[in-house]
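Below is one structure; the comments refer to it alone.
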Amino acid sequence: EIPHFPVSTVEFHKGELIYGQLAGKKVIAMHGRFHYYEGYSLQEVVFPVRVMKLMGIRTLLVSNACGTMNMDFRKGSLMMLTDHINMLGDNPLIGPNYDELGTRFPDMSEPYSKELNDKMRQIAGEQGITLHEGVYVAFPGPMLETRAEYRYLRNIGADVVGMSTVPEAIAAKHMGLPCAAVSVITDECDPDNLAVADIKDILKTAAVAENDLIVLFEKLVRKI
């Protein structure tokens, strides 16, 4: 119903834009996001981020589900993104640059705000939440990765893999919008001991970790 917005086609992404208050702050929340694998361009994928910035948001908080190649991490826990690797083969800044949104060549040395990450680290310690830190790699999907791909991703320095977040982080950086992102680890992707992925189990694991994520983001909103 929102002009020019894509429509989410993923079953468990409701495609709602919610406006309200959290911890006394005005917030806009997306109940569901758009993915490259749905057939949208990355410009369409990040369109909501552009709109929210123009509506006046000052901070972008992103969450996602992921698989981990780091065997020190366990499913059901959270990982704070400190950096990312873009393996989508595309990015949302390709094409004409709109100077009113940001510079042609944005610096990406700190895609995720150190200040926000420091706050999340402190909150996790205070609340007893297990919060890993690491590098997220974005793959196009929708198929999951092969054993060889998991091994390769681990070797190039990635801790977890997913199908989102990186385009939104790039768009946020382009617009000078501080961004923080947290991954919910829903499956363990050891290439030498790889089990068949079960979507029902992934959703169940995500639901268990959801409470920690809610506490983390709610406390973070209070601090910003």
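Below is a table of values for the structure above.
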{"quantity": "Output for segment 96-125, where each listed residue is more than 17 Å from the chain's Cα centre (by Cα), hydroxyl-bearing (S, T, Y) and at pLDDT 95 or above", "calculated": "T103, S109"}
{"quantity": "From the options E218, E168, E188, residue that is under 24 Å from R58 (Cα atoms), more than 15 Å from the chain's Cα centre (by Cα) and acidic (D, E)", "calculated": "E218"}
{"quantity": "Unique match (being in contact with a strand residue (DSSP E or B) (Cβ under 7 Å, 6 or more places away or on another chain) and polar (S, T, N, Q)) among T146, T82", "calculated": "T82"}
{"quantity": "Filtered residue count, segment 126-152, keeping only those that are within 18 Å of the chain's Cα centre (by Cα) and among the aromatic types (F, W, Y)", "calculated": "2"}
{"quantity": "Neighbours by Cβ (under 7 Å, 6+ apart or cross-chain): first from segment 80-109, without any contact (Cβ under 8 Å) to a residue 24 or more places away in the chain; second surrounded by 14 or more Cβ atoms within 10 Å (Cβ to Cβ)", "calculated": "R104/N97"}
{"quantity": "Residues of segment 1-27 satisfying the condition of being more than 28 Å from I199 (Cα to Cα) and at pLDDT 85 or above", "calculated": "Y19, G20, Q21, L22, A23, G24, K25, K26, V27"}
{"quantity": "Residue list for segment 176-217, filter: over 14 Å from S113 (Cα atoms), touching a Phe, Trp or Tyr at 6+ places or on another chain (Cβ under 9 Å) and surrounded by 23 or more Cβ atoms within 10 Å (Cβ to Cβ)", "calculated": "S183, I185, C189"}
{"quantity": "Candidate set: segment 67-87, residues that are hydrophobic (A, V, I, L, M, F, W, C) and part of a loop (DSSP other than H, G, I, E, B); chosen: the one surrounded by the most Cβ atoms within 10 Å (Cβ to Cβ)", "calculated": "M69"}
{"quantity": "Selected residue (criterion: surrounded by the fewest Cβ atoms within 10 Å (Cβ to Cβ)) from residues of segment 54-66 that are over 17 Å from E210 (Cβ atoms) and touching a residue at least 40 places away in the same chain (Cβ under 8 Å)", "calculated": "R58"}
{"quantity": "Any hit, segment 158-175, residues being hydrophobic (A, V, I, L, M, F, W, C), buried (at least 17 other Cβ atoms within 10 Å of the Cβ), part of a strand (DSSP E or B) and without any contact (Cβ under 8 Å) to a residue 60 or more places away in the chain", "calculated": "no"}
{"quantity": "Count - residues of segment 34-54 that are of a type in the set (A, V, I, L, M, F, W, C) and in a loop (DSSP other than H, G, I, E, B)", "calculated": "2"}
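Residues checked against (1) part of a strand (DSSP E or B); (2) out of contact with any Asp or Glu (no Cβ under 7 Å at 6 or more places or on another chain); (3) at positive phi:
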| site | (1), (2), (3) |
| --- | --- |
| N117 | no, yes, no |
| I129 | no, no, no |
| P142 | no, yes, no |
| I185 | yes, yes, no |
| D190 | no, yes, no |
| A195 | no, yes, no |
| D201 | no, yes, no |
| A206 | no, yes, no |
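The values are calculated or read from the model by the stated rules, or taken from the named source; none is laboratory data. Not measured: the values here are computed from a predicted model. With ideal geometry, Cβ positions are generated from the backbone for all residues, glycine too; neighbour counts draw on all protein chains shown.
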